[in-house]
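K.L.:
First, the structure itself, so that you have it in front of you.
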């Protein structure tokens, strides 16, 4: 590892503190980790999972609760996968680990036509293997390295191509109820993770199976968000805030909100922005006939034109 300058060390420490704070807030907000948990940290060899493992390990040492970490990598037998990289890295850490081997690559190449996106099938096969292994070792939580940008991108992917308003939740229970998935980096930005990984010089392993597909829809959404971030600073932050402030009654999902049960309360008195005290004075208003109403500077309401059939 190359020696960092004092300026670089200061910047790296600042990034680490930010990532620790954001991860700590995410863990607390969603009750991700509890006393006695065994957290299975899924390590892919990418910048996100390396960063997640390191920050989780740092937090573990200072946490007011007792929990254990175990790192797990799934070798999917992709051609040219450097099998020695992760064991060499993990051997230098005080964290137990497992390297699993399962040839999902051949399955994906057999099932998915040439030129089609492989990510969906690949991730399903990987998820099934990891879920099963988590139960085998008694892991109570499965930690994935998805960050804030992944969550926002997934939201737009589902909206643009799936017709659904959904994303990646920071905490998720599997459909069968047997596993709980957590995303400790849910509040962290990808650019911060990338910069931190470069400072730490993690031994990154690229995904040659899906990373070579230049026309992935996710990549197009990422480009769109990157452009927005440059053109309209703060917009991406606002989108993430919006995902935390859902108003079901202001959408159109009849399963989420019972619109059919909404009826007028005949005995209710106006309140809030339409309270009687908020209304301006008026001379007259002919409610028996529709009319064009003009509100002038004197705050008087007059029917200035009536429309009669």
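K.L.:
For segment 284-300, state whether one or more residues are modelled with pLDDT of 90 or more, part of a loop (DSSP other than H, G, I, E, B) and surrounded by 10 or more Cβ atoms within 10 Å (Cβ to Cβ).
P.N.:
Keep residues of segment 284-300 that are modelled with pLDDT of 90 or more, which gives none.
Checked against the condition, which is being modelled with pLDDT of 90 or more, part of a loop (DSSP other than H, G, I, E, B) and surrounded by 10 or more Cβ atoms within 10 Å (Cβ to Cβ), segment 284-300 yields no hits at all.
K.L.:
Assess whether residue 154 counts as being touching a residue at least 12 places away in the same chain (Cβ under 8 Å), in contact with a strand residue (DSSP E or B) (Cβ under 9 Å, 6 or more places away or on another chain), in the same structural domain as residue 66 (by TED's automatic domain parsing) and surrounded by fewer than 20 Cβ atoms within 10 Å (Cβ to Cβ).
P.N.:
Numbers: touching a residue at least 12 places away in the same chain (Cβ under 8 Å): yes; in contact with a strand residue (DSSP E or B) (Cβ under 9 Å, 6 or more places away or on another chain): no; in the same structural domain as residue 66 (by TED's automatic domain parsing): yes; surrounded by fewer than 20 Cβ atoms within 10 Å (Cβ to Cβ): yes.
For residue 154, the condition - touching a residue at least 12 places away in the same chain (Cβ under 8 Å), in contact with a strand residue (DSSP E or B) (Cβ under 9 Å, 6 or more places away or on another chain), in the same structural domain as residue 66 (by TED's automatic domain parsing) and surrounded by fewer than 20 Cβ atoms within 10 Å (Cβ to Cβ) - is not met.
The rows are residues; the columns are (1) within 13 Å of the chain's Cα centre (by Cα); (2) outside any helix (DSSP H, G or I).
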| site | (1), (2) |
| --- | --- |
| 113 | no, yes |
| 133 | no, no |
| 145 | yes, yes |
| 155 | yes, no |
| 172 | yes, yes |
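K.L.:
Return yes when residue 86 is in a helix (DSSP H, G or I), at pLDDT 90 or above, under 24 Å from residue 194 (Cα atoms) and touching a strand residue (DSSP E or B) at 6+ places or on another chain (Cβ under 8 Å) and no when it is not. Walk me through it before giving the result.
P.N.:
Numbers: in a helix (DSSP H, G or I): yes; at pLDDT 90 or above: yes; under 24 Å from residue 194 (Cα atoms): yes; touching a strand residue (DSSP E or B) at 6+ places or on another chain (Cβ under 8 Å): yes.
Judged against the criteria, residue 86 is a match.
K.L.:
For residues in segment 216-252 being touching a residue at least 60 places away in the same chain (Cβ under 8 Å) and in a loop (DSSP other than H, G, I, E, B), which is nearest to residue 152 (Cα to Cα)?
P.N.:
243
K.L.:
What do you reckon, is residue 214 under 24 Å from the mean Cα position of the chain (by Cα), modelled with pLDDT under 90 and in the same structural domain as residue 167 (by TED's automatic domain parsing)?
P.N.:
Considered against the rule, which asks whether it is under 24 Å from the mean Cα position of the chain (by Cα), modelled with pLDDT under 90 and in the same structural domain as residue 167 (by TED's automatic domain parsing), residue 214 comes out as yes.
K.L.:
For segment 10-42: of the residues being under 18 Å from the mean Cα position of the chain (by Cα) and in a loop (DSSP other than H, G, I, E, B), which is surrounded by the fewest Cβ atoms within 10 Å (Cβ to Cβ)?
P.N.:
Pass one, segment 10-42, residues under 18 Å from the mean Cα position of the chain (by Cα): 18-33, 41-42.
Adding the requirement that they be in a loop (DSSP other than H, G, I, E, B) leaves 30-33.
Details: 30: 16, 31: 9, 32: 21, 33: 22.
Of everything passing the filter in segment 10-42, 31 is surrounded by the fewest Cβ atoms within 10 Å (Cβ to Cβ).
K.L.:
Looking at segment 93-113, I want the residues that are on the phi < 0 side of the Ramachandran plot and not assigned by TED's automatic domain parsing to the domain that holds residue 72 and have a partner that is assigned to a helix (DSSP H, G or I) and surrounded by 15 or more Cβ atoms within 10 Å (Cβ to Cβ) with Cβ atoms under 7 Å, at least 6 apart or on another chain. Which pairs are those?
P.N.:
If the second residue must be assigned to a helix (DSSP H, G or I) and surrounded by 15 or more Cβ atoms within 10 Å (Cβ to Cβ), no pairs are left.
The values are calculated or read from the model by the stated rules, or taken from the named source; none is laboratory data. Only a predicted model underlies this, so the values are computations on that prediction, with no experimental measurement involved. When we count neighbours, we look across all protein chains shown, and the Cβ atoms used for this are built from the backbone with ideal geometry, even at glycine.
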